[in-house]
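Values in this text are rule-based calculations from the coordinates and carry no lab data. All figures in this text were calculated on a predicted structure; none of them were measured in a lab. Don't worry about glycine lacking a Cβ; one is built from the backbone with ideal geometry, like all the others, and counts go over all protein chains shown.
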Amino acid sequence: MSKLLKSKFLLGVAVFALAFVVAYSASAADGAITMTLKKGMKNVQVKYLQQTLNEKSYTVATTGAGSVGKETTTFGPATVSAVKAFQKAMGLVADGIFGAKSRAALGGSAPVTSSNCPAGALFNPTTGAPCTGTVVNNN
């Protein structure tokens with residue numbers, strides 16, 4: 001193999017390695033959660049969720065996997081527990097599934113309420129909270 005070909009190969013490997021490191025060192029501020037997340041899923045959005053929950057004091061884990069700086073791409077039991085704590089604090093059904101209503105609540109700092117519901121509406125158009133006082137699934 002010529003020196004030029006070896007140099008190009010090594011440069012390609014270095015670029016790939018750098019791209020890999022950047023992709024897996026993403027923080028919650030770098031990404032958005034755009035899909036429903038639930039137990040058993042494995043993807044970078046789960047990592048964003050864990051980072052965000054940890055940042056907002058809904059601790060995924062105090063040490064090891066899921067703890068601050070050691071967030072993972074796996075939605076396991078510790079993530080379910082943290083999501084449930086977040087959902088309960090936000091006035092949502094605490095089912096551990098991080099769906100549209102949970103994503104909406106994540107952007108706010110106040111608990112979700114059913115106030116300001118239009119007449120006859122079943123759900124608050126802003127928060128997704130039930131207007132009737134009935135408990136519904138928050139996916």
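Could you compute the net charge surrounding K84? Neighbours are other residues with a C-beta less than 13 Å from the C-beta of K84; K and R count +1, D and E count -1.
Numbers: positive: K38, K39, K88; negative: D95.
For residues surrounding K84, the net value is +2.
Taking the highest mean first, how do the peptides 44-55, 69-80, 96-107 order by number of other beta carbon atoms within 10 angstrom per residue? It would help to have the intermediate numbers written out before the result.
Numbers: 44-55: 21.4, 69-80: 17.5, 96-107: 19.5.
Order by mean packing, descending: 44-55, 96-107, 69-80.
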